Structures are given as C-alpha cells and as structure tokens.
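For reference, the structure discussed in these notes is given below.
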Amino acid sequence: MSVLNFSSIHLVLLFSLSEVVEPYVRLRSVETFNTRHSSMLVCSAYDFCPKPIRVTWLKNGQEVTSDVTSTEELANGDWTYQIHSHLEYTPTPGEKITCMVEHFSLTEPKLYDWDPSIPESERNKMVIGACGLLLGVVFIAAGLIYYRKKSTGLIVVPTSYDMGPSSG
C-alpha cells in the first residue's frame, strides 16, 4: 500500500512539473473606438501554465496603471491559459512603450518593446499590394512580348483592292 501511495505522489509531482509552460507573447496595435486616446496596444500572452501571470505596461521605464484594462486569465481548455492587456494612449515622439510579462516559467520578467514604425496590418496590406502590382507588371510584359512576336511575322502586301480604283 505504501508503494501505491508513493507512486501516486510521484505521478502527481510529474504531472505538476510538466505543466510549466512559458507564455507566447504578442504585442500589436488595434483600432480604437469612442475613446479619448488615438491609439490602443494589446499585449497578449498565450498558452501558459500555471495560471498566475502578471502583465504590466511601461512608458519610458515607468509603470503605467491608468488607461489599462486586462482580461482575467482565460482557460484554453487544454490546461493552458491566455490573457490580454489593453493600453489606450496618445503617441508622442521618442516615447518607449513596453509590455512586461512575469510568469513562473520565466527566470526574469520579459520585456516586449512596441515598434510604432508600421503596424502589422498595414505592413501586410503593403506586401499584398506590392505582390499584386508585380503580378500585373508580369502579365503586361508577357502580353507585350506575345503581341510583338505575333505582329513581327506579318508582312502587309498591297493588293489592287487596297490601292483603290485610281491606281489602275
């Protein structure tokens, strides 16, 4: 009976240790609606375990508490969790915005800096547009090459009908 208890404890301990999963973090910009700020950032942590986690925002290294909303830790259904933290802000030049994530799986807090250069959605639209333009240029070039090859083989030979009745 004592071996059975030891095995049970051993299994529970192994199960608990295997549940430590580091979060996958994504930082992105989203459109704001009816707010006094012009921009909103979302810092999302996905697929982490155990449940306790801390997501905080930093502006130029200082913790921000106003204009921040966060969801609770949401269960994914596979023993992992996710959380989303929103920061409403008005961008100012030279400002450094950071999402800081603290979790049991991390030896120290991880910092994710926001790069305001081009939002991901805008970058995707630009890439799709450039690919469409390139594809259009390829089709136009192929059409011109085809037209040139077909038209260079033809020689126009004047006939009596083409010359008219006065050439006679």
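The values are calculated or read from the model by the stated rules, or taken from the named source; none is laboratory data. Keep in mind the model is a prediction, meaning the values are calculated, not measured. Reconstructed Cβ throughout: ideal geometry from the backbone, glycine too, with neighbour counts over all protein chains shown.
What pairs come out if I take residues in the range 84-112 that are within 21 Å of Thr69 (Cβ to Cβ) and pair them with residues that are basic (Lys, Arg) and part of a loop (DSSP other than H, G, I, E, B) whose C-beta lies under 6 Å away, six or more apart or interchain? Taking only residues 6 or more apart or on different chains, not a single pair turns up.
Pairing residues of the range 55-75 that are assigned by TED's automatic domain parsing to the domain that holds Val25 with residues that are modelled with pLDDT under 90 and of a type outside the set (Val, Ile, Thr), at Cβ distances under 6 Å and at least 6 apart in sequence or on separate chains, gives Asp67/Glu88. Residues in the range 24-79 that are over 17 Å from Lys96 (Cα atoms), part of a strand (DSSP E or B) and of a type in the set (Gly, Ala, Ser): how many? Qualifying residue count for the region: 4.
Each residue in the range 36-75 was checked for being over 14 Å from Arg26 (Cβ atoms), within 20 Å of the chain's Cα centre (by Cα) and not hydroxyl-bearing (Ser, Thr, Tyr), and 2 of them qualify. Has the range 38-48 got at least one residue that is over 21 Å from Leu111 (Cβ atoms) and either in contact with a helix residue (DSSP H, G or I) (Cβ under 8 Å, 6 or more places away or on another chain) or modelled with pLDDT under 90 (or both)? Within the range 38-48, one or more residues are over 21 Å from Leu111 (Cβ atoms) and either in contact with a helix residue (DSSP H, G or I) (Cβ under 8 Å, 6 or more places away or on another chain) or modelled with pLDDT under 90 (or both). Give the range 97-110 a look and list any residue that's of a type outside the set (Asp, Glu) and surrounded by fewer than 11 Cβ atoms within 10 Å (Cβ to Cβ), or say none. Within the range 97-110, Thr107 is the sole residue that qualifies.
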